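Nothing in this text is a laboratory measurement; each read-out follows from the coordinates by a stated rule. Just so it is clear, the model here is predicted, and its values are computed rather than measured. All Cβ positions, glycine included, derive from the backbone under ideal geometry; neighbour counts span all protein chains shown.
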Ligand SMILES: NC(=O)c1ccc[n+]([C@@H]2O[C@H](COP(=O)([O-])OP(=O)(O)OC[C@H]3O[C@@H](n4cnc5c(N)ncnc54)[C@H](OP(=O)(O)O)[C@@H]3O)[C@@H](O)[C@H]2O)c1
């Protein structure tokens, strides 16, 4: 299987979880040192993983990454297009470069991945493409307009790919795993905005408790909880699930 953006957060937890289930995991990210660390961690636990440095904004690097994973592991059955970025600014203050970076990573990057993954999955007899969407596909908040737009694009891409690749000869299910707020470095980037004066302990308490802004469970998800969801969505038990976004948000969007 293949995961983009597994040097950190949800992708990293998913690489570990899929490898624990026996998957051979080829993954990317731009930070080589972290990539090697995740690769080592998985191998030391008896799993199989290969880190390949790749930037999903670069069409050539995406093709090379997908080719190398499929060649190394003799085909491709499951892909998780997870790499993402978030720039925090209201729209009138958003730099055009940050807008473009968000769309190039979160939406165009997913398109590039699907483009190169789908033929390999077809030739391997079918499988699953997961995309890490977001609760921001459904609703959003100030400061992340570029991000919300990019994840709305993911919603469309997932549906388009599902109807193009669902039937034979492709036999590919395409599903968005759409997390609510999850405790990763992406969330820590909010600290100067939400709690500029908090010390480390206060910030951790804020994230862990009712202040996390999750109406239902009143806490953030842990990355391992998203990894568990990814395993479930990719499972062949979910054989009729495709073309939709599965919101895993702890009840975040349930409140008024
Ligand atoms: N945390 C949340 O609350 C939350 C909620 C909903 C959805 N999500 C989504 O979950 C996904 C994972 O985010 P996370 O929360 O786990 O954040 P994270 O810890 O910051 O991880 C982001 C991952 O994406 C990779 N990445 C970013 N740009 C890349 C690029 N151009 N090429 C290749 N890899 C790239 C990063 O690796 P490098 O920096 O090494 O390249 C890193 O591995 C994202 O799509 C995000 O939008 C997160």
Next item on the list: Please say if segment 97-156 is rounded, prolate or oblate, where rounded means a/c under 1.5 for a ≥ b ≥ c the square roots of the C-alpha gyration tensor eigenvalues, and otherwise the choice is prolate for a/b larger than b/c and oblate otherwise?
Entry: oblate
Note to self: Pairs of alpha-carbon atoms within less than 8 angstrom and 6+ residues apart define the contacts here; what relative contact order does the chain have, in percent?
What the structure shows: 19
Note to self: Based on alpha-carbon centroids, what's the gap between segment 60-79 and segment 145-222 in Å, whole number please?
What the structure shows: 26
Notebook entry, point to check: Mind ordering 55-68, 126-139, 83-96, 187-200 by average Cβ neighbours within 10 Å, highest first?
Noted result: 126-139, 55-68, 83-96, 187-200
Checklist line | Nearest 10 degrees, 0 to 90: helix 109-123 Cα axis against the chain principal axis | finding: 30
Next item on the list: Would you please report the Å³ per residue occupied by the convex hull of the alpha carbon atoms in segment 15-116?
Entry: 105
Item checked: Per-residue [θ]222 nm for the chain (sum of -39500 (n - 2.57) over DSSP H runs n ≥ 4, rounded to 500) -> -13500 deg cm²/dmol
Check: How big is the equivalent ellipsoid of the chain along its three axes, where each semi-axis is √(5λ) from the Cα gyration tensor, reported in whole Å from largest to smallest?
Finding: 29, 20, 18
Next item on the list: Determine which residues of segment 210-238 fall in the zone a paramagnetic label at residue 254 would reach in this model, i.e. backbone nitrogen under 15 Å from the point 7 Å along Cα→Cβ.
Entry: 213-221
Next item on the list: Note the direction-averaged projected area, equal to a quarter of the hull surface, for the Cα convex hull of segment 49-88, in nm².
Entry: 3.5
Margin query: On C-alpha positions alone, give me the angle between the axis of helix 223-234 and the longest principal axis of the chain, in degrees, nearest 10.
Written below: 40
Next item on the list: With a point put 7 Å past each Cα toward its Cβ, work out how far residue 88 is from residue 236 in nm, to one decimal.
Entry: 4.5
Next item on the list: Using only Cα atoms, tell me the angle between helix 145-165 and the longest principal axis of the chain; keep it within 0 to 90° and round to the nearest 10.
Entry: 20
